[in-house]
Amino acid sequence: MIKILRPENFSRIAPIILVAICLVIGLLTYKDFGISWDEPSSYQYGREALSVYAHPGTEPAYTDSDGLLRYYGAAYLISGAALASALGLPVYDTLHLFNFIVYLLGVLAFHVLLTRWVSPSAAFAAALLFVSQPLLWGHAFINPKDIPFMTLFIVSLVLGFWMVDKIEDSTGWQRILLPVVSGLLLGYATSTRIVAPLAGVMVSLLALYRLHLRAIPFLVVYWLAAVGAVYVTWPFLWPDPINRFLESLRMMSAFPWQNKVLFDGIYYKANNLPWRYLPKLMAFQFTEPVLLLSAAGAAVLVWKLWQKKVDAVLPVMLFIWFAAPFAWIVITKPTMYDNFRQFLFIMPPIFIFCALALEELFKRWTSPKIRMAALLLAALPGLIAGLRLHPYQYVYYNSLVGKVAGRYETDYWATSFREAAEYLNQNAPQNAVVSIGPWGLFQEFLRPDLQVDRSEVSANSDYVVIFSRWDYEKNPAFTGEPVYTVGRDGAVFLVVQRMP
């Protein structure tokens with residue numbers, strides 16, 4: 001392992017070994033994760049959108065409960081639906097593994113991006129911190145929206161920057177192929193989350209900075225390919241592309257989510273959160289070494305700018321990717337819920353700052369043994385927390401938060417219902433009746449003879465499964481004996497009661 005830290009070996013071996021180890025862990029554990037709240041409707045939307053290709057003149061009914069998923073791009077969910085249909089395997093476990101593999105591809109792409117500005121050793125160290133964050137690791141399995149989009153955003157940048165690097169030295173068909181492929185990926189990303197053109201803006205600015213007016217023909221091809229990919233992979237747009245795209249943009253900028261959000265022990269409306277919501281959660285949901293290293297890296301960048309030792313590309317990219325969206329969120333306070341999962345795509349720059357700090361440290365710590373010790377020390381809090389919280393890593397809060405229970409959201413996507421089903425499979429008598437609210441998260445894993453009553457509680461219930469979000473457990477109808485509890489670090493996610 002020490003030899004891997006030698007600079008001559010890093011770029012070829014280290015990131016591949018890291019991702020291979022993570023993939024093995026994922027293969028061993030992906031069946032531990034429950035179904036997240038949005039997965040049933042998301043995958044159903046993917047199947048409905050996929051069906052349009054067989055019947056292009058017929059628009060599907062879009063059967064999700066609130067009718068809003070049509071405003072989400074369908075590309076990634078269509079891909080998942082096609083994969084699940086082709087393999088014929090259990091949908092949720094299969095797509096959990098697919099989501100995780102996509103996340104690991106994002107880790108590799110992020111390492112490639114980092115090597116534009118730091119040494120391979122610092123890039124590897126930052127990639128390790130990135131992949132070992134419990135928040136990201138947990139979401140990587142259960143989140144079919146935000147983690148795939150984060151990966152697509154990163155890959156769009158990597159491929160787009162590579163296009164800019166290579167385009168003038170290319171000849172013939174390569175001059176068309178490079179912007180077409182890069183544009184198609186950007187379009188696919190846009191048809192996953194409508195904010196993806198932000199990556200295209202960064203690519204375009206780099207092209208204009210490097211090539212000046214010579215970039216314009218390539219950028220025209222790039223953006224035309226992106227527009228084409230959006231249209232092809234988002235069937236909702238087909239009847240009226242421009243107006244429906246603008247309608248989706250309006251919807252996503254002010255999403256009508258009506259439930260309440262627990263923050264600092266107070267329930268807020270999702271469209272009326274305090275300005276500190278995002279900064280505070282970011283400070284609580286990444287590990288302490290990441291907070292320290294990212295702050296140090298920001299200071300390093302400021303110092304290098306002052307000394308004129310850094311190219312303008314990096315600070316401009318960090319401004320567009322992180323600083324501007326972060327400021328917009330803090331100032332305008334858009335609708336937010338489920339902590340900040342919708343904005344996970346702006347979090348990789350935090351680890352770019354970490355890489356800048358690690359680069360300076362590694363200039364001083366030339367010994368592979370010292371580097372290894374420092375890296376393990378920095379990664380250790382995330383690794384330990386990941387083991388402790390499994391399979392609920394996405395509920396992670398660091399030591400700065402103090403008490404979590406009753407103050408912050410935990411298992412907001414209700415993945416703990418799988419563990420409840422496994423308890424009932426082992427302990428409930430034959431043909432027992434189980435009352436439950438969000439039945440779609442539960443029935444997939446339940447023993448066939450057990451009967452599900454889709455009310456929260458009924459007179460003939462043998463068991464009631466109570467989700468603790470939004471104080472459901474305080475319903476006076478829940479009068480049974482608690483026989484099983486799911487939770488972590490003092491926070492209760494779910495309770496199983498046996499009814500009298």
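The values are calculated or read from the model by the stated rules, or taken from the named source; none is laboratory data. Since the structure is predicted, the reported quantities are computational estimates derived from the model, not experimental observations. Reconstructed Cβ throughout: ideal geometry from the backbone, glycine too, with neighbour counts over all protein chains shown.
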Handout entry: Residue under evaluation Gln393, criteria (1) closer than 27 Å to Tyr277 by Cα; (2) crowded, with 24+ Cβ neighbours inside 10 Å; (3) touching a strand residue (DSSP E or B) at 6+ places or on another chain (Cβ under 8 Å); (4) of a type outside the set (Ser, Thr, Tyr), criterion not met
Key = (3)
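Just wondering, is there one or more residues in region 246-260 that are in contact (Cβ under 8 Å) with a residue 12 or more places away in the chain, in contact with a Leu (Cβ under 6 Å, 6 or more places away or on another chain) and farther than 26 Å from Phe161 by Cβ?
Going through region 246-260, the residues in contact (Cβ under 8 Å) with a residue 12 or more places away in the chain turn out to be 247-249, 251-260.
Restricting the remaining residues to those that are in contact with a Leu (Cβ under 6 Å, 6 or more places away or on another chain) gives none.
So far as region 246-260 goes, no, none of its residues is in contact (Cβ under 8 Å) with a residue 12 or more places away in the chain, in contact with a Leu (Cβ under 6 Å, 6 or more places away or on another chain) and farther than 26 Å from Phe161 by Cβ.
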Exercise for the section: List every residue pair whose Cβ atoms lie under 7 Å apart, where the two residues are 6 or more positions apart in sequence or sit on different chains, the first residue falls within region 399-413 and is free of Cβ contacts under 8 Å to residues at least 60 places away in the same chain, and the second residue, located anywhere, is in a loop (DSSP other than H, G, I, E, B). Expected result: none
Completion exercise
Here the qualifying pairs (Cβ atoms under 6 Å; residues six or more apart or on different chains; first in region 346-371 and closer than 16 Å to Pro289 by Cβ; second among the polar types (S, T, N, Q) and buried (at least 21 other Cβ atoms within 10 Å of the Cβ)) come out as Ile350/Ser294; Phe353/Ser294; Cys354/Ser294; Phe362/Ser121
Exercise for the section: Report, by residue number, each residue of region 256-299 that is buried (at least 18 other Cβ atoms within 10 Å of the Cβ) and not hydrophobic (A, V, I, L, M, F, W, C). Expected result: Tyr277, Gln285, Thr287, Pro289, Ser294, Gly297
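Filter region 405-446 for residues that are among the polar types (S, T, N, Q) and in contact with a strand residue (DSSP E or B) (Cβ under 7 Å, 6 or more places away or on another chain); which is modelled with the lowest pLDDT? So that I can check it myself, show each step before the final result.
Here is the first cut: in region 405-446, the ones among the polar types (S, T, N, Q) are 410, 415-416, 425-427, 430-431, 435, 443.
Add one more test, that the residue is in contact with a strand residue (DSSP E or B) (Cβ under 7 Å, 6 or more places away or on another chain), and what stays is 410, 416, 431, 435, 443.
Working: Thr410: 94, Ser416: 94, Asn431: 93, Ser435: 85, Gln443: 82.
For region 405-446, the residue satisfying everything is Gln443.
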Fill in the blank from the handout: Those residues of region 60-102 which are touching a Pro at 6+ places or on another chain (Cβ under 8 Å) and either under 14 Å from Thr192 (Cβ atoms) or not in a loop (DSSP other than H, G, I, E, B) (or both) amount to Ala74, Tyr76, Leu77, Gly80, Leu95, Asn99, Val102
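For (1) buried (at least 24 other Cβ atoms within 10 Å of the Cβ); (2) touching a residue at least 40 places away in the same chain (Cβ under 8 Å); (3) under 17 Å from the mean Cα position of the chain (by Cα), each residue gets a yes or a no:
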{"position": "Leu105", "(1), (2), (3)": "no, yes, yes"}
{"position": "Ala125", "(1), (2), (3)": "yes, yes, no"}
{"position": "Gln133", "(1), (2), (3)": "yes, yes, yes"}
{"position": "Phe141", "(1), (2), (3)": "yes, yes, yes"}
{"position": "Ile147", "(1), (2), (3)": "yes, yes, yes"}
{"position": "Glu168", "(1), (2), (3)": "no, yes, no"}
{"position": "Gly172", "(1), (2), (3)": "no, no, no"}
{"position": "Ile176", "(1), (2), (3)": "no, yes, no"}
{"position": "Met202", "(1), (2), (3)": "no, yes, no"}
Exercise for the section: Evaluate region 238-261: report whether one residue or more is assigned to a strand (DSSP E or B) and of a type outside the set (Ser, Thr, Tyr). Expected result: yes
Practice task
Please verify whether region 346-368 includes one or more residues that are modelled with pLDDT of 95 or more, in the same structural domain as Leu28 (by TED's automatic domain parsing), closer than 30 Å to Gly265 by Cα and charged (D, E, K, R).
Solution key: no
